[in-house]
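Every number in this text was worked out from the coordinates using simple rules, so none of it is lab data. None of the values given here were measured: they were computed from a predicted structure. Positions of Cβ are backbone-derived with ideal geometry, glycine not excepted, and every protein chain shown enters the neighbour counts.
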Amino acid sequence: MSYQLDINVFIKEVCEPEIRTDPLVERLNKVEKENSYLKEKLKSVEEVEMKLELHAADVDDLHKTEMNAMRLKIRKIRKYSIDNEACYHYVVESIVTLVATSIAFIVAFKSFT
């Protein structure tokens, strides 16, 4: 009987010992879980940041395109205004020349008569 009792105690000690986890192991497990959580969070933040960078690049390209279109419009307006100004100068110059020629003929006609 005592032999049987010793075997039961031995079996109990070998097969069912109290498993006590070390506090360091528990902390390590917590740190690993937190590390994996932070890695996932970092991935999501990087994805959002990349999307924002792409959006900023698109906005920058759009802004450059709009600025180029505005510059082209300004060039066209300047060209049109210069052409109109040249036309006005030509008309005014023609009128002044016509008036000067008329005055010269009138003066010449009066002086010879």
Yes/no for residue 54 being part of a helix (DSSP H, G or I) and surrounded by fewer than 10 Cβ atoms within 10 Å (Cβ to Cβ) | no
Given the residues 66, 85, 46, which is the only one that is free of Cβ contacts under 8 Å to residues at least 12 places away in the same chain and more than 19 Å from the chain's Cα centre (by Cα)?
-> 85
